[in-house]
1. Looking for whichever is buried (at least 21 other Cβ atoms within 10 Å of the Cβ) and within 26 Å of residue 313 (Cβ to Cβ) here; the options are 145, 150. Which one fits?
2. I'm trying to understand the selection: among the residues of the range 39-64, which are more than 22 Å from the chain's Cα centre (by Cα) and hydroxyl-bearing (Ser, Thr, Tyr)?
3. How many residues are β-branched (Val, Ile, Thr) and more than 9 Å from ligand 1 (Cβ to nearest atom) if we restrict to the range 218-245?
4. With the checklist (1) over 27 Å from residue 21 (Cβ atoms); (2) surrounded by fewer than 18 Cβ atoms within 10 Å (Cβ to Cβ); (3) touching a residue at least 60 places away in the same chain (Cβ under 8 Å) in hand, flag the one item residue 110 doesn't pass.
5. Which residue is nearest to the chain's Cα centre (by Cα), if the candidates are limited to the range 282-340 and must be polar (S, T, N, Q) and within 15 Å of ligand 2 (Cβ to nearest atom)?
6. Would you mind stating whether residue 264 is more than 12 Å from ligand 2 (Cβ to nearest atom) and at pLDDT 95 or above?
Amino acid sequence: MSTTTKGTAGYDRRRGLQAFDDTKAGVKGLVDASVTTIPPIFHHPPDSLATSSTATIPVIDLSGRRSEVVGEVRAATETVGFFQVVNHGVPADLLAEMLASVRRFHESPAEAKTPHYTRDLARKVRFNSNFDLFQSPAANWRDTLFCQALPDPPEPEELPTAVRGVLLEYGDAVRQLAVRVLELVSEAMGLAPDRLEKMGCADGLSVVSNYYPPCPQPHLTLGTSRHSDPAFLTVLLQDDMAGLQVLVDDDGEKRAVWADVPPVPGALVINVGDLLQLVSNGRLKSVEHRVVANRSRDRARISVAAFFNADLRQTTAVYGPIEEQVTSSAPPLYRSITVEEFLSHYDGKGLDGRPALDHFLLP
Ligand code: OGA
Ligand code: NI
């Protein structure tokens with residue numbers, strides 16, 4: 001066995017990962033087995049950044065005056081890269097039912113879950129723990145049900161019964177919101193309102209349903225490692241438990257700190273993804289964020305991330321800085337790439353703390 005497979009503590013990391021994956025039960029399985037110490041595969045090095053008590057993520061009322069809303073969207077997307085929206089048009093009961101169905105799935109018996117456990121990217125519906133388990137330096141205390149919902153949705157029978165009645169309906173509703181937000185973002189960039197949608201930025205949709213069970217040693221691990229999102233735009237539904245944090249500049253101190261994205265009842269969280277940063281030539285910010293491990297004793301945290309992307313079947317479509325965003329004082333920052341090229345770089349790398357977009361910077 002090569003020494004490179006051994007962790008610094010001398011244990012065989014590769015074997016630990018395989019044993020965990022073979023259970024097909026995720027971290028929920030460990031919690032159900034009442035573990036009191038977490039396996040070393042979940043150990044992260046300590047994070048030295050402080051948590052901000054003052055930085056706030058804006059909440060935007062989409063029913064406000066359009067010119068004001070566009071201004072607020074511009075300010076948020078060009079700085080923190082995150083905002084929450086209220087009066088967004090997705091019915092409250094659909095949000096509640098989506099969260100309830102995700103809980104139902106992750107809390108259903110093993111027989112209902114293991115048939116969906118897979119890392120086969122050809123399957124549109126995949127349940128697993130840590131999509132990057134075998135690539136990333138440290139695993140996260142999180143299980144996930146992934147669904148490729150657009151452009152070509154799965155047959156209803158491919159979906160676990162727990163989410164069958166609601167997941168695709170939720171996807172449709174959240175797509176309408178994403179199209180509206182892309183219009184606001186286009187206007188904020190000085191482009192025609194339909195420009196980003198016409199480029200295909202919301203033709204693909206992955207609905208990623210996360211389950212963060214209570215963690216017995218939350219200070220040693222994370223719910224989701226720091227990363228930026230591999231998409232144009234993300235719409236996130238979180239339940240009433242905090243945990244999501246965004247990297248912001250603490251203006252007083254000129255250093256990066258973690259700012260909480262506090263749950264706001266009925267709101268959805270929106271953030272700029274790497275590909276929007278790319279096409280905006282760096283004007284809009286795809287900001288790193290993370291989820292701390294769940295510190296509660298007995299309640300799981302649930303979130304549903306809707307990632308809007310191009311239609312991956314259009315394998316030759318290339319995305320680069322939009323020409324109107326490139327000027328003599330703002331030369332192109334990134335080269336043009338296919339979304340497939342971007343995603344294979346992102347997935348191959350895993351959540352290792354480095355921005356995926358840097359790989360495509362022009363010299
Ligand atoms: C993600 C993500 C945040 C959360 O899935 O990319 O950042 O609260 N999720 O689960
Ligand atoms: Ni994310």
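The values are calculated or read from the model by the stated rules, or taken from the named source; none is laboratory data. Computed from a prediction, not measured in an experiment: that's the story for all the values here. A quick note on method: Cβ atoms are made from the backbone with ideal geometry, for glycine too, and the neighbour counts reach across all protein chains shown.
1. Result of the check over 145, 150: 145.
2. 48, 53, 54, 63
3. Total meeting the criteria: 2.
4. Unmet condition: (1).
5. Across the range 282-340, the extreme among qualifying residues is 303.
6. yes
Table: residues versus (1) under 25 Å from residue 296 (Cβ atoms); (2) in contact with a Lys or Arg (Cβ under 7 Å, 6 or more places away or on another chain).
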{"site": "19", "(1), (2)": "no, no"}
{"site": "23", "(1), (2)": "yes, no"}
{"site": "27", "(1), (2)": "yes, yes"}
{"site": "51", "(1), (2)": "yes, no"}
{"site": "83", "(1), (2)": "no, no"}
{"site": "103", "(1), (2)": "yes, no"}
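Table: residues versus (1) farther than 25 Å from residue 280 by Cβ; (2) surrounded by 21 or more Cβ atoms within 10 Å (Cβ to Cβ).
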| residue | (1), (2) |
| --- | --- |
| 231 | no, yes |
| 236 | no, yes |
| 240 | yes, no |
| 243 | yes, yes |
| 246 | no, yes |
| 249 | no, no |
| 254 | no, no |
| 262 | yes, no |
| 265 | yes, no |
